[in-house]
Amino acid sequence: MAEKKPEAAKERFNAVLKVDPKNAQAMLAMAELTLRTSGEPAQVQKWIADAVAAEPANVNARLALVEHHMRQGRPEDAVS
């Protein structure tokens, strides 16, 4: 993403997920990429929720979900 080539980044992350479908870090990267490009909240939330489901103990995934809910103006979802 740092290269400002979102399609290339998307391809790389998808390649990682093809090999390791439960790679929470790649899912979080896809969430960030989606946020920066299309900004579709539902798709961002899906990527983050998938990361949490893949690695429930992953603090970064859980924090990303809280931050997403706060950005969407849903603090009640952030604490649930």
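A few remarks follow.
- Tilt relative to the chain, helix 6-19 - C-alpha long axis, 0 to 90 degrees, to 10: 90 degrees
- Note on the chain: with neighbouring protein chains present and a 1.4 Å probe, carbon and sulfur make up 56 percent of its accessible heavy-atom surface.
- Structure-derived semi-axes √(5λ) of the Cα gyration tensor in Å - corresponding label in [x] 21, 16, 8; [y] 23, 16, 11; [z] 31, 14, 11: [x]
- Each residue was assigned an accessible area with a 1.4 Å probe, and for Glu76 the value is about 110 Å².
- Computed label-point distance, nm, for sites Ala15 and Val59 using a 7 Å Cα→Cβ extension: 3.2 nm
- Per residue solvent-accessible surface (Å²) - the chain, probe of 1.4 Å: 65 Å²
- Using a cutoff of 8 angstrom between alpha carbon atoms and counting only pairs six or more residues apart, the relative contact order for the chain works out to 22 percent.
The values are calculated or read from the model by the stated rules, or taken from the named source; none is laboratory data. Quick caveat, the model's predicted, so the values are computed rather than measured. Don't worry about glycine lacking a Cβ; one is built from the backbone with ideal geometry, like all the others, and counts go over all protein chains shown. Accessible surface is based on the protein model in full, side chains and every heavy atom, while ligands, DNA and RNA are left aside. Shrake-Rupley method; radii C 1.70, N 1.55, O 1.52, S 1.80 Å.
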